[in-house]
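**Student:** Have a look at the structure that comes next, please.
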Amino acid sequence: LRRAEQPVPRRVAAPPRSLRGLTVLAADDNATNRRLLEATLSSWGVAATIVADGRSAVAALEQARAAGRMFRLVLLDARMPDLDGFAVAERIRQEPGLAGVTVMLLTSDVMSGDLARCRQLGVARHLVKPLTPSELLQAVLLALGQSPGAASAAAQRPSEGARRLHVL
């Protein structure tokens, strides 16, 4: 088989309306990853706060709680210098006022013991980067207890003018 000359565009599942206005905190020390997360989350209508490190994530959580707001979802890079995603997740779990927060870890690698540590900390999902917006969407929906099936079905419907393929 010949390789396609142009990349084939991937269809991204449309996020359900239930994600609009969802309060999300995302922490990643890599500027490119932060920009990608911000673009993806804002395209879903999510109310995202994006920070550059673990200490800023803890500060944002404390500021939100003091203001009477809560982040429903926290996306953490597992491998940040100083205060990594695991340490932030641990602080979240130690704080009774943050009991309802759903935590997901994003990492560029998987180290021995990471999954066991995620279970211990109550991390809802552990994803390996790079990941597509569709993969992130599905993981977010699952972490929040929503069915990704409806979003996937919408994404699989051919768009107007799309050519149907018959593949053997």
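The values are calculated or read from the model by the stated rules, or taken from the named source; none is laboratory data. Everything numeric here is computed off the predicted structure, so don't read it as measured data. Every residue, glycine as well, gets a Cβ built from its backbone with ideal geometry; the counts of neighbours run over all protein chains shown. Just the protein is used for accessible areas: all its heavy atoms, side chains included, with ligands, DNA and RNA removed. Shrake-Rupley method; radii C 1.70, N 1.55, O 1.52, S 1.80 Å.
**Student:** What does the charge add up to near ALA124, with Lys and Arg as +1, Asp and Glu as -1, over the other residues with Cβ less than 13 Å from its Cβ?
**Tutor:** Net charge in that neighbourhood comes out at +4.
**Student:** Still on this structure: Please give me the summed charge of the neighbours of GLU62: other residues whose Cβ is under 12 Å from its Cβ, Lys and Arg +1, Asp and Glu -1.
**Tutor:** Numbers: positive: ARG55, ARG65, ARG69, ARG91; negative: GLU95.
In short, +3.
**Student:** Could you give each residue of region 67-80 its phi-based ³J(HN,Hα) in whole Hz, using Karplus coefficients 6.51, -1.76, 1.60 with θ = phi - 60°, and x for Gly or Pro?
**Tutor:** Result, rounded to whole Hz: 8, x, 10, 9, 7, 7, 9, 10, 9, 10, 6, 5, 10, 9.
**Student:** Could you compute how much accessible surface ARG117 exposes when probed at 1.4 Å, giving the result in Å² to the nearest 10?
**Tutor:** Accessible area of ARG117: about 90 Å².
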